[in-house]
Amino acid sequence: MSFIFSYLSWHYSKAFLNIYGIFSNFFWMIYRFFSLPLLFKTFFSPWRHLDDQYTKKLDIQEFFSTLIVNTLMRLVGMFFKLVVILVAIVFIIVMSVVEAVTFLVWLLLPVVIVWLIYSGITKIF
């Protein structure tokens with residue numbers, strides 16, 4: 001009988017906290033793998049720092065050509081960064097659902113084990 005109480009106290013205390021720690025590590029890994037702070041900080045920067053330098057001389061055609069290239073590179077950068085941010089959000093949502101299901105299953109696991117043992121014994125006899 002002491003084994004059952006010992007198991008239940010471990011199951012609902014230490015193991016529960018360990019599962020929480022594992023999922024915290026997964027969320028930290030997603031946050032760092034996708035470099036979310038850096039993506040938000042450099043959201044309006046050009047893609048891969050591809051931009052034209054403005055010339056020192058006053059040439060209207062060259063100025064607008066450089067302006068268009070730089071604007072397009074910023075838009076491309078925003079698009080790719082937005083895609084990566086959206087993929088990270090999808091991963092976070094999926095991990096949140098997996099975490100909720102895992103905690104629910106973990107909470108119900110002792111009851112399911114007892115029910116399976118009981119139904120197995122009643123089918124034998």
Subset of region 51-73, residues part of a loop (DSSP other than H, G, I, E, B) and either hydrophobic (A, V, I, L, M, F, W, C) or at pLDDT 85 or above (or both), comes to Leu58
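Which residue out of Val76, Val101, Val112 is more than 30 Å from Phe5 (Cβ to Cβ), hydrophobic (A, V, I, L, M, F, W, C) and either modelled with pLDDT under 85 or assigned to a helix (DSSP H, G or I) (or both)?
Answer to the check: Val76.
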Residue set Ile68, Ile30, Ile22, Ile4; condition among the β-branched types (Val, Ile, Thr) and in contact (Cβ under 8 Å) with a residue 60 or more places away in the chain; output residue Ile30
Please work out if Thr122 is exposed (fewer than 10 other Cβ atoms within 10 Å of the Cβ) and either part of a helix (DSSP H, G or I) or touching a residue at least 12 places away in the same chain (Cβ under 8 Å) (or both). yes
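The values are calculated or read from the model by the stated rules, or taken from the named source; none is laboratory data. Note that the coordinates shown come from a computational prediction; the quantities given were computed from them, not determined experimentally. Here Cβ is always computed from backbone atoms with ideal geometry, including for glycine, and neighbour counts include all displayed protein chains.
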